[in-house]
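Okay, structure first, notes after.
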Amino acid sequence: MTTPAPAIETRALTKIYGSGNTEVVAMRDVSLAIGKGQVVALLGPSGAGKSTLLTAIGLINPPTFGSISIGGLPVMEGDSALVDVRSFRRRYIGYVFQKANLIPFLTALENVQLALEINDEPPRKARRRAMELLEYLGVGDRMKNLPHMLSGGQQQRVAVARALANSPSIVLADEPTAALDSVRGRQVMELFRKVAHDQGAGVLVVTHDHRALDVFDEILEMEDGALRQHDQNDADPDRRAS
Amino acid sequence: MNLALRDIRHNLARFSLTTAGVGMLLMIVMGMGGIYRGLIEDAVLLVNKIDADIWVVQQGTRGPFAEISRIQRNLEDRLLTVPGVQSARAFVWHTVQRDHGGKPLRMVVNGLSWPQDKGEWLPLVAGRPLGAAHYEMVADKLLGLQLGDSLTLGKDVYSVVGLTQGMIGQGGDGLAFFTVSDALAIQFDTSPESVRLERSARKMRAVRDDIGKVQPALLDKADLPAHRLPAVSRPMISAVLVKAAPGADPAGVAELISGWQDVSVHSSDEQRELLLKGTVDRARRQIGLFTALLVIISAIIMALILYTLTLDKTRDIAMLKLMGARNSVILALILQQAVLLGGLGYVLAYFLGQWIFPYFPRRVIITDEDLFRLGIIVIAISVLSSALGVWKAMKIQPNEVLS
Ligand SMILES: Nc1ncnc2c1ncn2[C@@H]1O[C@H](COP(=O)(O)OP(=O)(O)OP(=O)(O)O)[C@@H](O)[C@H]1O
Ligand SMILES: [Mg+2]
């Protein structure tokens, strides 16, 4: 059996903001590989460079040095893209952020449907798939509502549905459960795991929620821009206390 | 999925208000164009309606519309003797401002050559043309007079027997039509005292002069009314309108008359030209420039509105980019709103104009051609003015979602 190409692979990713006196090294020499079907947590204190890593992999914020491959395809080399990032994002990448960032003038259903239509899905098919997803995420009864009529948690679940709509090869989530209660938060994490396992997507989730860590296949930790081995006892105050 | 419409639906109140504003602005642009057309139309209306081939006016002048023109009334008879002349009518034209019902009434007094010309050619909306040699008038609606109203001008009382619409002098005042003799009576109205003074002055001149001694009989007549003195000239008229006989060449007839030393001759086309070039031209250019400025201002305002609308959607546009939406999706969002804003504003402008323009003191003529042209301009400025918004949208980075 040949080892399949990982969903996400980075090599020596470094991001430097500014220059001279104001230079900030937000991320240094980050090399990682996340396999298809794997769901990985990324921990680390504030300012450690987690969002920087995520946005680099997501082709939103190019690294200064290093390379990124997605599904075995090199997509970034230093700060230059090797693919059309817009169409690559559209087809292969799903994002969830701390804030839902739904389009305020579209209903929940339309927000999800839009993601599919942007990816050239015919409207009726897009609509059906969007409904299924919202139903599945437990916001089926609110799909005709505009975002401002939904609670923070409901909005976040719509955002998750939107991220998963096109069955992306990789899902990147930056503190997706910060606005959710622990039950809903865990539900979302479990959904990610399901997406990873069922669709063979690589999922990378930045989280501060240590109670849901058991959902993940692997746990990474960042500090001062660098990746380091996760130490169960060190990083998990809840477990240490018990 | 149409994003432009959904965004508008969500911000309906704001979009409606903005559209109303743009609509009113465009209505003013439309109105300016209409005033411009009205000015031209009004200026040439009378010349068109009168439908004379040749205008015979005072030597060296450009006729009553441009300046004071005075010619002898007997010119009418002289002209009738010219071969190729079918009719010659006296024409009197002067402006008076009198009080009527406590308000100033400004009108252009127009004398018709009774009985050949009773004013049948006037665009009457009520009543009838002149039916008597004296004391009747046809007034334009603009003057605010009603059928049957009576109006004291000079020593006489005139009653309104007909009403016209749209008969306006180049100064914007309404026209009133009288017989030539009434028009002259109004123009040369003198008080009894000044008549008495003039008669005695006439007698004094005759006494002092040789002629009084050589022809004593004249002395007896000197203080009689002017119309009983063949030696005293009758009041002068403004112009004589000549119509060439069928088959006669108006240019040839004009050529013939222009040989006379005491008159100048203009064709109807020249009169029209004179009106447009002379009196109306500056107003016309002024309005033209003002309209151009308004179009530019509308474009700038629309650009700012569209830019602000785009700015408000920065996050959403960043999100769309992050989701991988093509630029065409974002372009469509902005352009569709721009065209919708311009288009709805235009429609609103049209209906507002239809409602408001009739109340304007001067005629506002909206021609289909002007409407079409403004439509094209509106679409063009909608598209052009969205350039600023589009430029902004294209610069938005997907990671602005995160900020
Ligand atoms: N646009 C920027 N310009 C300059 N420095 C930046 C910029 N964005 C991030 N940084 C710096 O890079 C470092 C890493 O930031 P990053 O947002 O990746 O941290 P994080 O691990 O996501 O933190 P948090 O848990 O608070 O979200 C920080 O020191 C931050 O100040
Ligand atoms: Mg972060």
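Tabulated data
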quantity: Qualifying residue in the range B:113-136 (condition: open to solvent by less than 10 Å² (accessible area, probe 1.4 Å), at pLDDT 90 or above and part of a strand (DSSP E or B)); calculated: no
quantity: Those residues of the range A:169-180 which are more than 16 Å from ligand 2 (Cβ to nearest atom) and either crowded, with 24+ Cβ neighbours inside 10 Å or basic (Lys, Arg) (or both), in sequence order; calculated: A:VAL171
quantity: Yes/no for B:MET24 being open to solvent by 60 Å² or more (accessible area, probe 1.4 Å) and away from every other protein chain (no Cβ under 14 Å); calculated: yes
quantity: Residue check, A:THR10 more than 16 Å from ligand 2 (Cβ to nearest atom), buried (at least 22 other Cβ atoms within 10 Å of the Cβ) and in a strand (DSSP E or B); calculated: yes
quantity: Filtered residues of the range A:40-91 (kept if within 14 Å of chain B (Cβ to nearest Cβ), in contact (Cβ under 8 Å) with a residue 40 or more places away in the chain, within 16 Å of the chain's Cα centre (by Cα) and away from ligand 2 (no atom under 13 Å from the Cβ)); calculated: A:ILE57, A:ILE70, A:ARG90, A:ARG91
quantity: Subset of the range B:53-68 (residues that are closer than 24 Å to B:LEU122 by Cβ and open to solvent by 10 Å² or more (accessible area, probe 1.4 Å)); calculated: B:ASP53, B:PRO64, B:PHE65, B:ALA66
quantity: Within the range A:60-86, tally of residues that are in a strand (DSSP E or B) and either touching a Phe, Trp or Tyr at 6+ places or on another chain (Cβ under 7 Å) or closer than 22 Å to B:ALA318 by Cα (or both); calculated: 5
quantity: Every pair of residues 6+ apart whose Cβ atoms lie under 8 Å, when the first sits in the range A:141-167 and is within 14 Å of another protein chain (Cβ to nearest Cβ) and within 15 Å of A:MET189 (Cα to Cα) while the second is polar (S, T, N, Q) and open to solvent by 10 Å² or more (accessible area, probe 1.4 Å); calculated: A:ALA159/A:ASN101
quantity: Which listed residue is under 20 Å from A:ALA56 (Cα atoms), away from chain B (no Cβ under 14 Å), of a type in the set (A, V, I, L, M, F, W, C) and touching a His at 6+ places or on another chain (Cβ under 9 Å), from A:LEU220, A:LEU204; calculated: A:LEU220
quantity: In the range B:305-315, residue farthest from A:ALA163 (Cα to Cα) [restricted to those that are in contact (Cβ under 8 Å) with a residue 24 or more places away in the chain and in a helix (DSSP H, G or I)]; calculated: B:ILE305
quantity: Boolean, A:LYS15 is within 16 Å of ligand 2 (Cβ to nearest atom), among the basic types (Lys, Arg) and either within 14 Å of chain B (Cβ to nearest Cβ) or open to solvent by 20 Å² or more (accessible area, probe 1.4 Å) (or both); calculated: yes
quantity: Any hit, the range A:92-100, residues being buried (at least 22 other Cβ atoms within 10 Å of the Cβ), farther than 21 Å from A:GLY200 by Cα and more than 13 Å from every other protein chain (Cβ to nearest Cβ); calculated: no
quantity: Residue count, the range A:15-59 (criterion: in a strand (DSSP E or B), closer than 27 Å to A:ALA196 by Cα and near ligand 1 (Cβ under 9 Å from one of its atoms)); calculated: 2
quantity: For A:ALA81: the one exception among (1) out of contact with any Asp or Glu (no Cβ under 9 Å at 6 or more places or on another chain); (2) within 16 Å of ligand 1 (Cβ to nearest atom); (3) open to solvent by 20 Å² or more (accessible area, probe 1.4 Å); (4) of a type in the set (A, V, I, L, M); calculated: (2)
quantity: Hits in the range A:162-189 (condition: modelled with pLDDT of 90 or more and among the charged types (D, E, K, R)); calculated: A:ARG162, A:ASP174, A:GLU175
quantity: Residue in the range A:108-121 that is in contact with a helix residue (DSSP H, G or I) (Cβ under 9 Å, 6 or more places away or on another chain), within 14 Å of chain B (Cβ to nearest Cβ) and within 16 Å of ligand 2 (Cβ to nearest atom) present; calculated: no
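Rundown of residues vs (1) closer than 21 Å to B:TYR135 by Cβ; (2) open to solvent by less than 60 Å² (accessible area, probe 1.4 Å), yes/no style:
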site: B:GLY172; (1), (2): no, yes
site: B:THR179; (1), (2): yes, yes
site: B:ASP182; (1), (2): yes, yes
site: B:ARG196; (1), (2): no, no
site: B:ARG199; (1), (2): no, no
site: B:ARG205; (1), (2): no, no
site: B:LYS213; (1), (2): no, no
site: B:ALA222; (1), (2): no, yes
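The values are calculated or read from the model by the stated rules, or taken from the named source; none is laboratory data. A quick note: this is a predicted structure, and the numbers were derived from the prediction, not measured. Note: ideal-geometry Cβ built from the backbone for every residue, glycine included; neighbour counts use all protein chains shown. To get the accessible areas, we keep the full protein, side chains included, count just its heavy atoms, and leave off ligands, DNA and RNA. Shrake-Rupley method; radii C 1.70, N 1.55, O 1.52, S 1.80 Å.
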